[in-house]
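Please read the structure below before turning to the comments.
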Amino acid sequence: MTARVMAAAAMAVLLVLPLAVTLTGHDGRPGHLEIVETGDGGVVVRFSEPVTPTMAANLTPRLSSGWLDAPPVAIERGGDAEVRSWRVDPPRDPVAGQTAAIDGFDPSFNEAVLLRVIFADGTAMTAFLTARQPAAVLAREDAITSRLQYLWLGAQHIAFGPDHLLFVLGLVLLVRDRWRLVGTITAFTLAHSLTLAAATLGVVSVPVDAIEAVIALSLVFLAVELVRDDRGQHGLMARTPWAVALAFGLLHGFGFASTLLDVGLPQGDVPMALLAFNLGVEAGQIAFVLAVLPLIAVLRDLAGQPRTWARLVPAYAIGTLAMYWVLERVVLS
Amino acid sequence: MTDVAWLPAAAASVPVLVAHIVPGVTDFYAGLLHPVTAVEHLLTFVAIGLLAGQQARGVARRALTLFVCVLLVTAGLAGAHGRTLHLEGPLLASMVGVGCLVAANWRLPAAAVYTCVTAVAALHGVANGAELTPAMAPVRFVAGIALAGFVVMTYAVGLARRAEAPWAGVAVRAAGSWIAAVGVLAWGAVTR
């Protein structure tokens, strides 16, 4: 038995470690270009670009009015970002109708800038500028377009968040009864919706780095439970999966909130934008579960009576990757 | 070659807000999306899965394992080699060939199935791995390719194995013939 488990562990490490070790490099944080029409008729432009000890700022924001061709009124260099600010006093050209663009994108680094415009009447516009689409025309968004963007952002966040997806996969592997699985996923959803709203609205504030490390730890816990369950040792997670999913869902909600806090919410439409983002997350989660269930069914059909080590490979793969993320987020961050 | 060939690049650039949580995951997703957004890869993966699913369970299981392993190794080798390859003809030929085998619904000897799976996986592994750019992390990109192959083939195996009703078996064979037809049409378009 021990030898088989060791074999499973070795296979999981061999499968996952190369992937985990290479999950480093450029950190991909977005830049921010914020254009705000102030109450006195002026405009404040703020451009924040991530920098690292080995990578200096290399992007240049532009507006078709030429406002940003002037030297910035202030340049602040922090540990991880350089912030340039401009101030435009009245009389001035209108912001709406101008084109904002970013020069100097390096496609190989997946760079992107989140463009956010807040007009004097409280309406807003949000867009992503990337190497593929480095410019955007500034215009007031209608509420539907704005909400659809937040819906898409939520779906994108879960789709490209392997830690969240692996947690859901672990739940699907652990809870075989369909109705218990529905209950467990629902508990996870309720919990992360709660903390997502609380953190985004500023009711609760938690350090993102710590939360990300604990999210990775939740995966380690789940992987251990998968191994214990395979041995017939039904732990807390196997007995009351909904309760544990509820607890860990609270943590994952803080993780989702970090994305939304990066983007910000449109003034005057906060509840609907928050709801749209959350619905996007749920849609992505449900789509993942629906995609994974038939896959697992086919594999179980093909495997027949799999050997112990083969059954344990998913658990060890999840655990190995999660443990790497824990170390990365605690030690390397 | 296909209208959606830009999708993997888009995947690599879009999820910047997630990349700050799991650094550099975009290369993995670019690899994952590369084969499934190119018709010549996607339909061949489906066809090879259907072919494996038409065989006995043990043969299908070993074919799936073999396919993923060969895809992983050859994509990695091609990525390390780093040379642009023009394999449209062989790729479409594999699509037509495997599609025809599915349409024929033959119970092939296991060795023939494994040979076919190995050849297809090697060809498509090389073609996908050669798309690796210097800016990408090779292991992540190749792991994404292998996962895409695994998922698509597993679905296809499942479809073929669940096709117990007579009409369902015919539907699988028809799917094979359509894949072969698409391959012929694409071949004609490429060589025109």
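Every number in this text was worked out from the coordinates using simple rules, so none of it is lab data. Predicted model, so just to flag it, every value in this text is computed and none were measured. With ideal geometry, Cβ positions are generated from the backbone for all residues, glycine too; neighbour counts draw on all protein chains shown.
Close amide H pairs (under 5 Å, H built 1.01 Å from N) link A:Ala81 with A:Val51, residues at least 5 positions away or on another chain. Using a Gaussian network model of chain B whose springs link C-alpha atoms within less than 10 Å, name the residue from B:Pro166, B:Pro134, B:Pro35 with the highest mean-square fluctuation. Sorting by GNM fluctuation, first place goes to B:Pro166.
Per residue of chain B, the DSSP helices (runs of n ≥ 4 H) give a summed -39500 (n - 2.57) that works out to -26000 deg cm²/dmol at 222 nm.
For chain A, set up a Gaussian network in which alpha carbons nearer than 10 Å are linked by springs, and say which option among A:Leu250, A:Leu279, A:Leu302 fluctuates the most. Highest fluctuation of the listed residues: A:Leu302. Using all pairs of distinct alpha-carbon atoms, the Kirkwood hydrodynamic radius of region A:165-316 works out to 16.5 angstrom. Projecting the Cα atoms of A:Ile158, A:Leu148, A:Phe277 onto the dipole axis of chain A, where Lys and Arg carry +1 and Asp and Glu carry -1 at the beta carbon, places A:Ile158 farthest toward the positive end. Pick out which of A:Val172, A:Val88, A:Val313 has the largest mean-square fluctuation in a Gaussian network model of chain A, springs linking Cα atoms closer than 10 Å. In the Gaussian network model the winner is A:Val88. With both labels modelled 7 Å from their Cα along Cα-to-Cβ, the A:Asp209 to A:Ala310 distance reads 4.4 nm.
Residues in region B:62-75 carry Karplus couplings, in order, of 5, 5, 5, 4, 4, 4, 5, 5, 5, 4, 4, 5, 5, 5 Hz; the curve used is 6.51 cos²θ - 1.76 cosθ + 1.60 with θ = phi - 60°, and Gly or Pro positions show x.
Each peptide in A:89-95, A:132-138 was scored by the mean count of other Cβ atoms within 10 Å over its residues; highest first, the order is A:132-138, A:89-95. Close amide H pairs (under 5 Å, H built 1.01 Å from N) link A:Phe128 with A:Leu115, residues at least 5 positions away or on another chain. The label-point distance for B:Val190 and B:Ala174, in a model that sets each label 7 Å from Cα toward Cβ, rounds to 2.7 nm. Think of the protein assembly as shown as having a plus end and a minus end, set by charges on the Cβ of Lys, Arg, Asp and Glu; of B:Ala163, A:Phe288, B:Ala75, B:Ala163 sits farthest toward the positive end of this dipole.
With each label modelled as a point 7 angstrom along the Cα→C-beta vector, the A:Leu201-A:Asp142 pair spans 2.8 nm.
The calculated FRET efficiency for the pair B:Thr65 and A:Arg239, based on their C-beta separation and a Förster distance of 35 Å, comes to about 0.55.
Take the Cβ atoms of A:Ala120 and A:Leu194, set R0 to 45 Å, and the FRET efficiency comes out at 0.85.
Counting only Cβ charges, +1 for Lys and Arg and -1 for Asp and Glu, the dipole size of the protein assembly as shown around its Cα centre is about 2400 debye. For region B:36-192, the share of alpha carbon pairs falling in successive 5 Å distance bins from zero is 2, 11, 19, 22, 19, 14, 8, 3, 1, 0, 0 percent. Legend: mean number of C-beta atoms from other chains within 10 angstrom of residue C-beta atoms, peptide A:210-220, equals 1.
Measuring max minus min along each principal axis, the C-alpha atoms of region B:113-154 give extents of 37, 18, 12 Å (largest first).
Residues within the reach of a label modelled at A:Met272 (point 7 angstrom out along Cα to beta-carbon, backbone nitrogen below 19 Å), restricted to region A:119-133, are A:119-127. Counts of other chain beta carbons within 10 angstrom of each beta carbon in peptide B:157-163 average 3. Look at the stretch A:155-163: the mean tally of other chain Cβ atoms within 10 Å of its residues' Cβ atoms is 5. In this calculation the C-beta distance from A:Leu293 to A:Val330 is compared with R0 = 45 Å, giving a FRET efficiency of 0.85.
Distance from the alpha carbon centroid of region B:145-192 to that of region A:127-158 works out to 36 angstrom. For region A:170-211, the convex hull spanned by the alpha carbon atoms encloses 66 Å³ per residue.
About the Cα centre of chain B, how large is the charge dipole given +1 on each Lys and Arg Cβ and -1 on each Asp and Glu Cβ? Please answer in debye to the nearest 20.
About 560 debye.
Computed over region A:257-307, the alpha-carbon pair-distance distribution with 5 angstrom bins reads 4, 17, 15, 14, 11, 9, 8, 7, 7, 4, 2, 1, each value a whole percent. Per the Cα gyration tensor, the protein assembly as shown maps to an equivalent ellipsoid with semi-axes of 43, 29, 21 Å, ordered largest to smallest.
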